[in-house]
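S.K.: Before I ask anything, here is the structure I am working with.
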Amino acid sequence: MSDLLFRGVRVLDVATGESVTQDVAVSADRVVEASRVVDPQVLDLPGATLLFGLWDCHAHPGSLMHDPSARGYFEGAPAWAVRAGANLMDAARQGVTGVRAVSEADGVDVAWSRAFAAGEYAGPRLLAAGPGLRTTGGHGTAYPRKPVGVEWEWAVDGADAFLRATRALVERGVDWVKVMLTGGLYSEHESIDDPQLTEAELDAVLTVAHARGVPVAAHCGSARVAETFARRGGRSVEHGYALDERAAAVMAEHGTWLVPTMAVTQDDALMDDDGWPEHAKRRARETAATHAEALMACVAAGVPIAAGADINPIGRRLHDELHFMEVAGMSRLAVLHAATVGGRRLAGLDDRTRPEPGAVADLLVVAGDPREDLAALREPLAVTTYGRLVVSPA
Ligand SMILES: [Zn+2]
């Protein structure tokens, strides 16, 4: 793996919004001082913007949402695994240098994560949660596209069973545990905020995961359930459809993250295209304004925020999600921060806000200036993950 030297790029700090034109050097998986690289591959990109790569912190790489062709109905596990990998590698080519999978077919995310880290394939840094945990009849049950022989959620009931399931996930090598704490948009007989685990069941998940050093992400639409989850050390609330000021204050106090996945309530075209049932479309429409208010309550309270698309294909849909976050009221710079530094911090990479020596070299170079228009992020000139080029300038 050769050293890299990006020459004359405009390096963007997504905390301040300021940029400095300079050379950026990469050796092994880190940004280093330009004087440190030896016989580097030189990339002349004068005037291009270099920033940290994007993160999709709420992904289901093999999921069948969205899948208008219905091809996935007829897949077994091997075809699912191949399609998930292709989706992830394509995402990296579109500037998504980090992905957190939060419910994925057993073993698929862990296997791809290791393959990408080892450099066997050019893909994103991938955090794996394995199959999500839900109760019988809990969120996800009603999703109609059930491929043959693939389980991307486990139905679990009772505190002892949640202990066993969480231990089984840790044993498989997951980086996160995902639990479906409340209802959501899709099932007819749930609401966005009905609690679906007992306190004992949630305690079981958190106790095992925390003892083993694994953070917990929760599908959670309810403000009161999010408060409980935050107080008990839960790390990230997914969706947060009905969060209010009180919940936001508790999450901020405990450093609990929000990954808002705005598109699932804001993108009407997706719902039609993907054939959502009428009750799900109606619930999404009824939730859309509340969901945007919940996001802005969290922004105001200082809740740390990361971006997540929830929908495939990851590459294109993450870019769409950034648009929906901006439309919901976030400043463009706050969206850029959530999409890059947010993901890095949630993943525990580092706290830096610009690519500087010592930073993990997951980088994105674009021709335009994303401070003027987030669409500039959609056409990368160069992308690195683990310090390796995934996209090279033509
Ligand atoms: Zn999801």
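The values are calculated or read from the model by the stated rules, or taken from the named source; none is laboratory data. Owing to the predicted nature of the structure, the values given are computational and were not obtained by experimental measurement. With ideal geometry, Cβ positions are generated from the backbone for all residues, glycine too; neighbour counts draw on all protein chains shown. Remember, those area values only see protein heavy atoms, side chains included, never the ligands or the DNA or RNA. Shrake-Rupley method; radii C 1.70, N 1.55, O 1.52, S 1.80 Å.
S.K.: Just to be sure I understand the filter: pairs with C-beta atoms under 6 Å, separated by 6 or more residues or on different chains, first member in region 99-118 and within 22 Å of Ala307 (Cβ to Cβ), second member of a type in the set (D, E, K, R) and within 16 Å of the ligand (Cβ to nearest atom). Which pairs pass?
M.R.: Val99/Asp56; Ala101/Asp109; Val102/Lys178; Ser103/Glu153; Ser103/Lys178
S.K.: Applying the selection to region 6-32, what residues are farther than 24 Å from Leu336 by Cα and surrounded by 13 or more Cβ atoms within 10 Å (Cβ to Cβ)?
M.R.: Passing the criteria: only Ser27.
S.K.: What are the residue pairs meeting all of these: first residue in region 283-309, first residue among the hydroxyl-bearing types (Ser, Thr, Tyr), second residue open to solvent by 20 Å² or more (accessible area, probe 1.4 Å), Cβ atoms under 7 Å, and 6 or more apart or on different chains?
M.R.: Thr287/Ile192; Thr290/Ala242
S.K.: Tell me the strands (runs of 3 or more DSSP E) entirely within region 294-394 that contain at least 2 residues that are closer than 28 Å to Val264 by Cβ.
M.R.: Counting at least 2 such residues, we get 363-366, 380-385.
S.K.: Now a separate question. From the list Arg371, Arg354, Arg316, Arg345, exactly one residue is surrounded by fewer than 24 Cβ atoms within 10 Å (Cβ to Cβ) and within 23 Å of Met65 (Cα to Cα). Which is it?
M.R.: Answer to the check: Arg316.
A quick yes/no check of all residues on (1) among the hydrophobic types (A, V, I, L, M, F, W, C); (2) farther than 16 Å from Thr135 by Cα:
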| position | (1), (2) |
| --- | --- |
| Ile192 | yes, no |
| Leu197 | yes, no |
| Cys220 | yes, no |
| Phe229 | yes, yes |
| Gly234 | no, yes |
| Ala242 | yes, yes |
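S.K.: Taking the residues in region 42-79 that are open to solvent by 10 Å² or more (accessible area, probe 1.4 Å) and among the hydroxyl-bearing types (Ser, Thr, Tyr) as candidates, determine which candidate is modelled with the highest pLDDT.
M.R.: Tyr73
S.K.: Oh, and also: Suppose we filter region 298-313 for residues that are surrounded by fewer than 23 Cβ atoms within 10 Å (Cβ to Cβ) and of a type in the set (A, V, I, L, M, F, W, C); how many remain?
M.R.: Going through region 298-313 one residue at a time, the tally reaches 3.
S.K.: Here's something else I'd like to know. Which of the residues spanning region 103-153 are acidic (Asp, Glu) and open to solvent by 40 Å² or more (accessible area, probe 1.4 Å)?
M.R.: Asp106, Glu120, Glu151
S.K.: Could you list, in sequence order, the residues of region 1-35 that are touching a Ser or Thr at 6+ places or on another chain (Cβ under 8 Å) and of a type outside the set (A, V, I, L, M)?
M.R.: Within region 1-35, Asp3, Gly8, Arg10, Asp13, Thr16, Ser19 meet the criteria.
S.K.: Taking the options Asp39, Asp90, name whichever one is open to solvent by 20 Å² or more (accessible area, probe 1.4 Å), assigned by TED's automatic domain parsing to the domain that holds Val20 and away from the ligand (no atom under 16 Å from the Cβ).
M.R.: Matching residue, one of Asp39, Asp90: Asp39.
S.K.: Right, next: Keeping to region 236-278, report how many residues are among the aromatic types (Phe, Trp, Tyr) and within 13 Å of the ligand (Cβ to nearest atom).
M.R.: Of the residues in region 236-278, 1 are among the aromatic types (Phe, Trp, Tyr) and within 13 Å of the ligand (Cβ to nearest atom).
S.K.: Same structure, new question: Condition test on Ala204, is it away from the ligand (no atom under 16 Å from the Cβ), open to solvent by less than 50 Å² (accessible area, probe 1.4 Å) and within 21 Å of Gly342 (Cβ to Cβ)?
M.R.: No: the conditions fail for Ala204.
S.K.: Continuing with the same structure: Just one of Gly213, Gly234 is part of a loop (DSSP other than H, G, I, E, B) and open to solvent by 40 Å² or more (accessible area, probe 1.4 Å); which is it?
M.R.: Selected residue: Gly213, the only one of Gly213, Gly234 that is part of a loop (DSSP other than H, G, I, E, B) and open to solvent by 40 Å² or more (accessible area, probe 1.4 Å).
S.K.: Still on this structure, I have one more. Can we say Leu270 is modelled with pLDDT of 95 or more and aliphatic (A, V, I, L, M)?
M.R.: no
S.K.: Let me ask something additional. Starting from region 19-39, keep only residues that are on the phi > 0 side of the Ramachandran plot, then list their pairs with residues that are modelled with pLDDT of 95 or more and not in a loop (DSSP other than H, G, I, E, B) whose Cβ atoms are within a distance under 7 Å, requiring at least 6 positions of separation or different chains.
M.R.: none
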